[in-house]
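The values are calculated or read from the model by the stated rules, or taken from the named source; none is laboratory data. The model shown is predicted, which means the values in this text are computed figures rather than measured ones. Methodologically, a virtual Cβ is constructed for each residue, glycine included, from the backbone with ideal geometry; neighbour enumeration extends over all protein chains shown.
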């Protein structure tokens, strides 16, 4: 029996590993039991979601990003690389893997809210922008606010980590990270976070 | 070892590496006389303002010994800085002198008097010749010294200047082995200091 690979979209003869791209095939969930719903509802439910359970995705993310951040902390501490550059590189990597492991939605689905988060983060700092999207989610219940919030939260944590590696004193690290103030070199690092998130689209499954 | 176990080990190793590094950097920063951040202490005095910007991990204490005003800053590793202002010494140094003292300026006389006071409690004290210094925002004299304090070799300097109502002395000192690293920090504190 052949199955469609969720990564490359080709038909694979092996239902566990794609015969074309050699990546693991996540089986689609079992079809729902037949019901008396309308045809339109059936169409909505027809597309299978190729996505691993959340704990497994979190495990993958942590196992890759935490060692990377440990290297990044050492790099920031022991080299003369400018802090905004170190923060941008670390944030790019973290947000890249955040998207690769499907912890946030893709560019195809959430370009508009993430695009909106960029000027907010640049002008008022990433924490203020994250608060805006949390409020939007809490007030309106719109789930599309969660993707920019996730990116801003991971970006803020990453930037703070790098700032603390360079200036290991809580108040000074917060000041240098520029989490609450925009319009400086550090706030530009958020553009790298968005770039990482966008770049990850090439590694995400075609049919999520 | 299953893939899941490997992922957990990697995540734990990463978290431990991050936490360990941050803890180590925090300790190193607390032990560094140069500090990470700067703190500013200021107060009004003699109708003017005294303003000192110092590394954030230094302890600062203020005391008054009669009419004298004193600020003592202590950093990690035995680094010490003292700023003292004496109105009595100003009056004495500016009083007209006779004999050999008459060829000295009030600033030189004040510097010499402070030099004599600085010798107390020190062994094998030796001080270089005073030189003019533009620090502290007015004409001042600077001399370097070395000595033994409590069995430990120390090196330091003292700036002397005459302010509006006091003779100000700014003395910086640290263990001799740390001099190369600490001297620029002490000098930076002096350069940014404002005295009335």
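Worth a mention:
- Of all the listed residues (A:170, A:200), the sole one being in contact with a helix residue (DSSP H, G or I) (Cβ under 9 Å, 6 or more places away or on another chain) and either within 14 Å of chain B (Cβ to nearest Cβ) or within 30 Å of residue B:28 (Cα to Cα) (or both) is A:170.
- Residue within the range A:135-157 that is on the phi > 0 side of the Ramachandran plot and touching a helix residue (DSSP H, G or I) at 6+ places or on another chain (Cβ under 7 Å) present: no
- Summed over the range B:6-59, residues that are modelled with pLDDT under 90 and assigned to a helix (DSSP H, G or I) total 0.
- Search result, residues across the range A:51-85 that are in contact (Cβ under 8 Å) with a residue 60 or more places away in the chain, buried (at least 16 other Cβ atoms within 10 Å of the Cβ) and within 14 Å of another protein chain (Cβ to nearest Cβ): A:69, A:72, A:73, A:76, A:77, A:83
- Residue satisfying condition, being touching a helix residue (DSSP H, G or I) at 6+ places or on another chain (Cβ under 6 Å), surrounded by 14 or more Cβ atoms within 10 Å (Cβ to Cβ) and within 22 Å of residue B:108 (Cβ to Cβ), within set B:172, B:163, B:156: B:172
Listed here are the residues, each with its yes/no results for (1) in a loop (DSSP other than H, G, I, E, B); (2) modelled with pLDDT under 95; (3) within 27 Å of residue A:203 (Cβ to Cβ).
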{"site": "A:22", "(1), (2), (3)": "yes, yes, yes"}
{"site": "A:28", "(1), (2), (3)": "yes, yes, yes"}
{"site": "A:34", "(1), (2), (3)": "yes, yes, no"}
{"site": "A:55", "(1), (2), (3)": "no, yes, yes"}
{"site": "A:68", "(1), (2), (3)": "no, no, yes"}
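- Of the residues making up the range B:59-95, those that are closer than 22 Å to residue B:177 by Cα and within 10 Å of the chain's Cα centre (by Cα) are B:72, B:73, B:74, B:75, B:79, B:80, B:81, B:82.
- In the range A:86-99, the qualifying residues are those that are more than 14 Å from every other protein chain (Cβ to nearest Cβ) and farther than 14 Å from residue A:159 by Cα, and the one that is farthest from the chain's Cα centre (by Cα) is A:96.
- Residue in the range B:162-175 that is touching a strand residue (DSSP E or B) at 6+ places or on another chain (Cβ under 7 Å), in a helix (DSSP H, G or I) and modelled with pLDDT of 80 or more present: no
This table checks each residue for (1) within 30 Å of residue B:57 (Cα to Cα); (2) crowded, with 20+ Cβ neighbours inside 10 Å.
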position: A:137; (1), (2): no, no
position: A:143; (1), (2): no, no
position: A:151; (1), (2): no, yes
position: A:155; (1), (2): yes, yes
position: A:171; (1), (2): yes, no
position: A:180; (1), (2): yes, no
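- Test: residue in the range B:128-140 that is surrounded by 13 or more Cβ atoms within 10 Å (Cβ to Cβ) and assigned to a strand (DSSP E or B): yes
- Checked against (1) assigned to a loop (DSSP other than H, G, I, E, B); (2) within 17 Å of residue A:204 (Cβ to Cβ); (3) modelled with pLDDT of 90 or more, residue A:48 passes all but a single condition, namely (3).
- Checking each residue in the range B:1-41 for being over 19 Å from residue A:175 (Cβ atoms), in contact (Cβ under 8 Å) with a residue 12 or more places away in the chain and exposed (fewer than 15 other Cβ atoms within 10 Å of the Cβ) picks out only B:31.
- Candidates A:130, A:94, A:90, filtered to the one that is free of Cβ contacts under 8 Å to residues at least 60 places away in the same chain and either under 22 Å from residue B:21 (Cβ atoms) or buried (at least 16 other Cβ atoms within 10 Å of the Cβ) (or both): A:130
- Any chance residue B:70 is under 21 Å from residue B:193 (Cα atoms) and touching a residue at least 24 places away in the same chain (Cβ under 8 Å): no
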